[in-house]
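Structure first, then comments.
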Amino acid sequence: MDLLCTHSNLGANHNPTMNILVCISHVPDTTAKINFTADGTALDPAGVQFVINPYDEFGLTKALHVKEAQGGTITVINVGPATTEPTLRKALAIGADKAVRIDATPMDAITVAKELKNHISANSYDLIICGQESIDYNGQQVPAMLAALLEQPFANACVGLSLDNGTATATSEIDGGHATYKASLPMVIGGKKGLVEEKDLRIPNMRGIMSARTKPLEVVPATEGEGPTKPVSFEKPAGKAAVKMVDAENVDELVRLLHEEAKAI
Amino acid sequence: MSILVFVEDWNGAYKKASFEAVAYAKSWATMNGNRVIAVTNTSAPAGELAGYGADHIIQIGLGSTAMGIAGQLKELSAEVSGIVIAGTSLGRSLAPALSALTGGALSTNTISLPLSVSPLQVKRGAFSSKGIETIELNNDMPIVSFVPNSIGLEPVAGEGNLERREVSSNDALEVLSTEVASGKVALPEAEAVVSAGRGLKGPENWGMIEELADVLGAATACSKPVSDIGWRPHSEHVGQTGIQVNPNLYIAIGISGAIQHLAGVSASKTIVVVNTDPEAPFFKAADYGIVGDAFEVVPKLVNALRAFKAAS
């Protein structure tokens, strides 16, 4: 049973090997030009390069650090169509041990969270790391939904995580400061920069890329139906009017514009 | 039926976003003839909420974590046809947790009042402010979490009934400590933000940035390179992987305007850019620009603003 294999060296030291799940979103690259289909109901993927969601990269590297410190297995998971597999392969190349793709084209976060919950309930994980948000729909929904569905502790905007003998200490950003939490594993993390430093982020090397080709990528059928929300349309934000340049010698004019025109002061 | 609104306090005082949440709930409730029930902490002053439209105020001993509060709000949501939560750091965990617990359809990052109420449609930011989505929430208890400062405040005349209830809170997460900088304007809630980048040349030059922020009652912020090299703390980094802000006024000094930075600030209502390089990409996203040396422009701007404040 899972308890035996994940905690097999519990007696040997204080840090049992960890079975870690890292949730990976497949998103348009930050610098991509965003266009919508002619009917305005979806993203037009033409010419868009897709990448691992930047927030998830911090979680994946953190998982590698944990594995290197105390042993374990890292599974990466995505809920999406076959087009997301290159992103999962990249996560394998970075160092994850295996990948799972739940074969669905979800329209909302609750559907993603329920699919993830079904997988997690059937496989026991000690730690579940998500990025706090994905840079496509910017919902910040899946991690908290997942924790609520699993009835597991949750730390969002997590910028620091240490583990000791099945207990996690997590530091999270809160408005204007930080909070520090303690919880027994398993728990769900909504991670961001700080979980590891940006300079420590791993990128695939040639050996990783070669070995990723043979690592397992399991495709699991979807179990959930449609969720209660649906996108009606997408539009681009109204373009800004051309910038008004003010002479550097005339900052009084800027103050006047900010007061009279922008009503910002 | 009622619209329930969660009203967050910090040490007994309300955030501006909390009043905005009550005003949001009032606007929504007015569209479909509902009442507004505000749920707040026992330690917070309930009376202020009626002035933004709370018809009924329930004070409970709020739990200390998002999951704990989500369980409490679920208990109170039996007769409710919609829920409003401000997208503060707490609200951004609370709203999705509550959605999962109750099955209520959720829109986060919402930037509009309801476009229609049956079914509920709202606009929300997507693709790091490069897109706006109109979303439909198709069930009987939609939950809206909005971006603070995106809706505005609408005071109304009204009197709210006050009720105290006991609702227990459970969460396996233990809060060991919280640290919030006092005496400074918190970045996510600031109405004005003064932000600086590598153009400042070194951390010793931030005095004038703080002075400018002080005159404006603004929070200070910085670009990613500046926090990465340790000139300023990570908590000041605004941009895609840092904090996202949408103040009324954002002043960027010596920041070129990389797309990752713009993703975190482009929702600001008025953007001023000061940069020595007339080709800096940030000027394209700005409302007002000055090509000039920060070391000359900022002190002049501080003086001009002081004179303006003294005269007004």
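The values are calculated or read from the model by the stated rules, or taken from the named source; none is laboratory data. None of the values given here were measured: they were computed from a predicted structure. Reconstructed Cβ throughout: ideal geometry from the backbone, glycine too, with neighbour counts over all protein chains shown.
Tabulated values for the structure
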{"read-out": "Single residue of B:Ala54, B:Ala66, B:Ala86 found to be in the same structural domain as B:Ala17 (by TED's automatic domain parsing) and over 20 Å from B:Ala186 (Cβ atoms)", "value": "B:Ala54"}
{"read-out": "Tally, over the stretch B:131-151, of residues that are over 21 Å from the mean Cα position of the chain (by Cα) and either at the interface with chain A (Cβ under 7 Å from one of its Cβ atoms) or under 29 Å from A:Ala32 (Cα atoms) (or both)", "value": "4"}
{"read-out": "Failed item in (1) more than 9 Å from chain A (Cβ to nearest Cβ); (2) crowded, with 19+ Cβ neighbours inside 10 Å; (3) in a loop (DSSP other than H, G, I, E, B), with B:Glu166 passing the rest", "value": "(2)"}
{"read-out": "Single residue of the stretch A:239-257 satisfying the filter (surrounded by 13 or more Cβ atoms within 10 Å (Cβ to Cβ) and more than 7 Å from chain B (Cβ to nearest Cβ)) that is nearest to B:Pro299 (Cα to Cα)", "value": "A:Asn250"}
{"read-out": "For A:Arg202: the one exception among (1) among the charged types (D, E, K, R); (2) free of Cβ contacts under 8 Å to residues at least 60 places away in the same chain; (3) in contact with a helix residue (DSSP H, G or I) (Cβ under 9 Å, 6 or more places away or on another chain)", "value": "(2)"}
{"read-out": "Single unsatisfied condition, B:Leu90 versus (1) hydrophobic (A, V, I, L, M, F, W, C); (2) within 12 Å of chain A (Cβ to nearest Cβ); (3) crowded, with 24+ Cβ neighbours inside 10 Å", "value": "(3)"}
{"read-out": "Positions within the stretch A:125-171 being under 29 Å from B:Ile132 (Cα atoms), more than 7 Å from every other protein chain (Cβ to nearest Cβ), within 13 Å of the chain's Cα centre (by Cα) and not hydroxyl-bearing (Ser, Thr, Tyr), in sequence order", "value": "A:Ile129, A:Cys130, A:Gly131, A:Gln132, A:Glu133, A:Val142, A:Pro143, A:Leu146, A:Cys158"}
{"read-out": "Options B:Val84, B:Val185; residue that is among the β-branched types (Val, Ile, Thr), free of Cβ contacts under 8 Å to residues at least 60 places away in the same chain and surrounded by 19 or more Cβ atoms within 10 Å (Cβ to Cβ)", "value": "B:Val185"}
{"read-out": "The stretch B:98-118, subset in contact with a strand residue (DSSP E or B) (Cβ under 7 Å, 6 or more places away or on another chain) and among the aliphatic types (A, V, I, L, M), residue nearest to the other protein chains (Cβ to nearest Cβ)", "value": "B:Ala105"}
{"read-out": "Those residues of the stretch B:263-312 which are in contact with a Pro (Cβ under 9 Å, 6 or more places away or on another chain), buried (at least 23 other Cβ atoms within 10 Å of the Cβ) and hydrophobic (A, V, I, L, M, F, W, C), in sequence order", "value": "B:Val265"}
{"read-out": "The stretch B:58-69 residues that are over 14 Å from B:Trp10 (Cα atoms) and away from every other protein chain (no Cβ under 14 Å), paired with ones that are buried (at least 23 other Cβ atoms within 10 Å of the Cβ) and among the β-branched types (Val, Ile, Thr) (beta carbon under 9 Å, 6 or more apart)", "value": "B:Ile58/B:Ile37; B:Ile58/B:Val39; B:Ile58/B:Thr40; B:Gln59/B:Val39; B:Gln59/B:Thr40; B:Ile60/B:Val39; B:Ile60/B:Thr40"}
{"read-out": "Among the residues listed as B:Ser145, B:Ser129, the single one being under 26 Å from A:Val27 (Cβ atoms), out of contact with any strand residue (DSSP E or B) (no Cβ under 7 Å at 6 or more places or on another chain) and small (Gly, Ala, Ser)", "value": "B:Ser129"}
{"read-out": "Candidate set from the stretch A:148-194 (those that are part of a loop (DSSP other than H, G, I, E, B) and of a type in the set (D, E, K, R)); member that is farthest from A:Asn19 (Cα to Cα)", "value": "A:Asp175"}
{"read-out": "Filter result for B:Leu200 (surrounded by 13 or more Cβ atoms within 10 Å (Cβ to Cβ), of a type in the set (A, V, I, L, M) and touching a strand residue (DSSP E or B) at 6+ places or on another chain (Cβ under 6 Å))", "value": "no"}
{"read-out": "Residue within the stretch B:255-274 that is more than 26 Å from the chain's Cα centre (by Cα) and either more than 7 Å from every other protein chain (Cβ to nearest Cβ) or at pLDDT 95 or above (or both) present", "value": "no"}
{"read-out": "Condition broken by B:Gly197, with the remaining ones in (1) under 30 Å from B:Ile255 (Cα atoms); (2) within 21 Å of the chain's Cα centre (by Cα) satisfied", "value": "(2)"}
